[in-house]
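These notes are about the structure you will find just below.
The values are calculated or read from the model by the stated rules, or taken from the named source; none is laboratory data. Note that the structure is a prediction, hence the values are computed from the model and not measured. Here the Cβ is made from the backbone with ideal geometry for all residues, glycine too, and neighbour counts use every protein chain on show. Areas reflect the complete protein model, heavy atoms only, side chains present, ligands, DNA and RNA absent. Shrake-Rupley method; radii C 1.70, N 1.55, O 1.52, S 1.80 Å.
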Amino acid sequence: MRTLKLVVEHEARLLLADRTLWLVSGLFLLLVSYGLFNGMEQAAVKENALGKVLEAEARGEASRRALLVRILNNGAMPDPFGNPTDPSAMGGGYGSRYAYMPISPLASLAFGQSDVRPDYYKVTNRSKISFIYDTEIENPWNLLSGHFDLSFVIVYLFPLLIFALSYNFLSAEREHGTLKMLLSQSLGLPTLVAGKIAVRAIALLLWAAVVPLVALAIMRPEARSLEHVWPLASWAAFVVAYGGIWFALAVAVNAFGRSSATNALMLVGSWIVCVLVVPVLLNVAVAIVRPAPSRTELATRTRLVTSDALNRNAELLAADYQYVNDAELLRPKDGKIVVAGRMRGIYLMEKDVDRELEGLLDAFNVQLAGQQRLVTRYGALSPAIVTYEGLTALAGTGIRRHLHFQKQIDAFHRRWRDFFDPKILNGVAITEEDFDRMPRFTWTEEDPAVVQGGVVTGLLQLLLPAAGLLAIGLWRLRRYAVV
Amino acid sequence: MLEAKHLSKHFGATAALDDVNLRVDPGEIYCLLGANGAGKTTLINVFLNFLDPTEGEARINGLDVTQHAIETKRHVAYIPEQVMLYGVLSGLENLRYFAALATGRHAPRAHLLVLLSDVGLDEAAALRRVSTYSKGMRQKVGIAIAMAKRTRALLLDEPTSGLDPKAANEFSQLLRRAKDDGVAVLTTTHDLFHAKQTGTRIGIMKRGRIVADLSSEALSHTDLEALYLQHMQG
């Protein structure tokens, strides 16, 4: 241990005296800060948007409730396009409620799926397809390039900075001739390697795993709560384990005793394979094994089904606008209301569309879940995939949480339609009490056991290969040619 | 103290060492002479466990170097032909690190400065970055590192290479003092004069074999030169 401490102290002094550490650390800190800043800004934008949406929903609901009371007390004339007593209007866009997924306090750490999947949906009694693909359209440029966030820095850039500090940590000693001087002392090669890697790992992991968490704790006080200790610690563990793989690779590559230039090529080659090639190939393989239904087919089917439904309900949809001229007809009488033919027609048409497309939409979800299972199973082929999945899951922006949200939206949509369906078909007017009985979306967080299980699996998928690489490195070190 | 028994090292079909038998006892300075590629440095590298022998064994203080790699290095100090150090550190800092690795603790600064002064590096030079040193100055730091280790055996691979005549002479005196203190020294050299002046025994290596093992006292400079040339030409 004493020798290891000496090596660590010496290595730290050497690195501090060299410009490389300062350059790499400065660059990395800059990237981490920028990624985190982007994440915080994006999370703030989303929180702000969600806050405004919910505020508008509450304000609108209060206004509709007040209007309903005035209409029932004959204080106001019903508006044919905004009548709170009309179940077809309230179940449709006029009285709809939002289903939303809360922004996790850790969302700043990774954008994940929040780039392409909205955090809230305006749920109506219309076809699911009418609102599910119609909310929060992102800037296409952002969708194309992705956001520059901390998970991008960790997954893509962190390994390159590890290489910058470690590609020649042993080969340079041999090339400069200092290795013979070192090993002529009572110092073993594994101790030397351990000391050199430890210093480099501490230097970079400090920036990668500790600084973002400290910054997050300062900027987002809610992240400091006890319930977030576990996800934050797990996040740091993922970063350390991911860094560990690349440091272990640097050890293994150096232990083969090739030149520094060869080491650099081998490391960058491994990075290209693990971070760029394997994820793309896995994506292609998953798309072949579990192909998602065609979006074009969905659009075409939607048009056809909508056209059929329009024809079926043509009579209702062609109803005249008598209510515009005589709104008094829309006032409830003895709890009953005349649901306008056009509104009823639209509802029935949307219901038809939903029923007809249910199978296709379910197929999308089934295939997506199947694809996700394949990625989870074979993602271990690339530490980048494992880490990205782990970091986004812990930040609350992973695909699994979004699919969990999707299920809750489906359930809420069904409850919403079930509530209004009999009222629309039987012409039952909405009462003030119905405002309290109308389904309200309540977010249920993912099962912590599932999340924790995913974290443990992910960490094992990183730590086992790292241990394997270290074992290869140690085995090769025993045969290392010092001269 | 240093012992080679039927030591062979082959690189493919080439025998760098071929059945070498050698013993250097405490208080002896064994100078190995030989042309380039004769196997002198290979022998040193085997003693340092930088190379595994193909056959035979190398022992330091009675321990096989392949089986007790770390332990045997505690008993031996090494000076290579070209002492390579950390250029971004000063001579003093280099000595401090290598001496600490050898002894397991940091020596006092004053003691290290005395060691450097003994080999001809004053304090101003000792505090300069090694990247500004000449080869001779680096060699002096290497000698100081070996001295700091205070071992019972020295392995020297052409240690005076790059030293000016005065420094080489001072180094010879250091070696003689070490011999008087009972240190066993195995040194390789091309310098016949240095070998005769410093060594107690002289070996001549050719194609991996020790072809002559002579007592320095029984030889004159001329005899040694003639003998050496005879072996090289034969």
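Listed conditions (1) within 12 Å of chain A (Cβ to nearest Cβ); (2) surrounded by 24 or more Cβ atoms within 10 Å (Cβ to Cβ) are all met by B:G87, apart from (2). When each of B:A126, B:A102 is tested for being touching a helix residue (DSSP H, G or I) at 6+ places or on another chain (Cβ under 6 Å), within 14 Å of chain A (Cβ to nearest Cβ) and surrounded by 15 or more Cβ atoms within 10 Å (Cβ to Cβ), the lone residue that passes is B:A102.
Could you list, in sequence order, all residues of segment B:215-234 that are of a type in the set (S, T, N, Q), exposed (fewer than 12 other Cβ atoms within 10 Å of the Cβ) and within 24 Å of the chain's Cα centre (by Cα)? Within segment B:215-234, B:S215, B:S220 meet the criteria.
Looking across segment A:95-118, the residues that are part of a loop (DSSP other than H, G, I, E, B) and more than 13 Å from A:F420 (Cα to Cα) come down to A:M101, A:P102, A:I103, A:S104, A:P105, A:L106, A:A110, A:F111, A:V116, A:R117, A:P118.
Selection of strands (runs of 3 or more DSSP E) fully inside segment B:1-91 by the criterion of at least 3 residues being acidic (D, E), touching a helix residue (DSSP H, G or I) at 6+ places or on another chain (Cβ under 8 Å) and under 26 Å from B:K196 (Cβ atoms) returns nothing. Which condition breaks for A:V32 when tested against (1) assigned to a loop (DSSP other than H, G, I, E, B); (2) more than 19 Å from A:Y121 (Cα to Cα)? Here A:V32 meets the rest and fails (1). Scanning segment A:119-149 for residues that are at pLDDT 75 or above and assigned to a loop (DSSP other than H, G, I, E, B), which turns out surrounded by the most Cβ atoms within 10 Å (Cβ to Cβ)? My answer is A:D149. Scanning segment B:131-145 for residues that are in contact (Cβ under 8 Å) with a residue 60 or more places away in the chain and farther than 22 Å from A:L14 by Cβ gives a single hit, B:I143. Within segment A:373-411, being under 23 Å from A:W246 (Cβ atoms), assigned to a helix (DSSP H, G or I), polar (S, T, N, Q) and at pLDDT 90 or above holds for A:T387, A:T392.
Conditions (1) closer than 17 Å to A:G243 by Cβ; (2) crowded, with 19+ Cβ neighbours inside 10 Å; (3) within 11 Å of chain B (Cβ to nearest Cβ); (4) among the aromatic types (F, W, Y), marked per residue:
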| residue | (1), (2), (3), (4) |
| --- | --- |
| A:R2 | no, no, yes, no |
| A:L6 | no, yes, yes, no |
| A:H10 | no, yes, yes, no |
| A:D18 | no, no, yes, no |
| A:F37 | no, no, no, yes |
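Against the test of being aromatic (F, W, Y), surrounded by 11 or more Cβ atoms within 10 Å (Cβ to Cβ) and at pLDDT 75 or above, the options A:Y323, A:Y347 yield a single qualifying residue, A:Y347.
Taking each residue of segment B:60-71 that is within 12 Å of chain A (Cβ to nearest Cβ) and looking for partners that are among the polar types (S, T, N, Q) with beta-carbon atoms closer than 8 Å, six or more apart or interchain, yields B:I60/B:T72; B:V65/B:N49; B:V65/B:T72; B:T66/B:N49; B:A69/B:N49; B:I70/A:S186; B:E71/A:S186. Can you pull out every residue in segment B:97-115 that is without any contact (Cβ under 8 Å) to a residue 12 or more places away in the chain and of a type in the set (F, W, Y)? B:Y97, the sole residue that qualifies.
Each residue in segment A:172-203 was checked for being part of a helix (DSSP H, G or I), within 14 Å of chain B (Cβ to nearest Cβ), open to solvent by less than 20 Å² (accessible area, probe 1.4 Å) and not hydrophobic (A, V, I, L, M, F, W, C), and 4 pass. A search for C-beta distances below 9 Å between a residue of segment B:163-190 that is more than 23 Å from B:E225 (Cα to Cα) and any residue that is among the hydroxyl-bearing types (S, T, Y) and open to solvent by 10 Å² or more (accessible area, probe 1.4 Å), counting only pairs 6+ apart in sequence or on different chains, returns B:A167/B:T160; B:K179/B:T200; B:V183/B:T151.
Collect the residues in segment A:422-447 that are open to solvent by 80 Å² or more (accessible area, probe 1.4 Å) and part of a helix (DSSP H, G or I), keeping them in residue-number order. If the condition is that a residue be open to solvent by 80 Å² or more (accessible area, probe 1.4 Å) and part of a helix (DSSP H, G or I), then A:N426, A:E433, A:D436, A:R437 are the ones that fit. Would segment A:301-311 turn up any residue that is closer than 30 Å to A:L460 by Cβ, at pLDDT 80 or above, in a helix (DSSP H, G or I) and of a type in the set (K, R)? No, because not a single residue in segment A:301-311 is closer than 30 Å to A:L460 by Cβ, at pLDDT 80 or above, in a helix (DSSP H, G or I) and of a type in the set (K, R). Scanning segment B:95-116 for residues that are within 16 Å of B:T151 (Cα to Cα) and either assigned to a loop (DSSP other than H, G, I, E, B) or in contact with a Ser or Thr (Cβ under 7 Å, 6 or more places away or on another chain) (or both) turns up B:L101, B:A102, B:G104, B:R105, B:A107. Mind checking which residues of segment B:142-187 are more than 14 Å from chain A (Cβ to nearest Cβ), more than 25 Å from B:A107 (Cα to Cα) and in contact with a strand residue (DSSP E or B) (Cβ under 8 Å, 6 or more places away or on another chain)? Residues satisfying the conditions are B:T160, B:T187.
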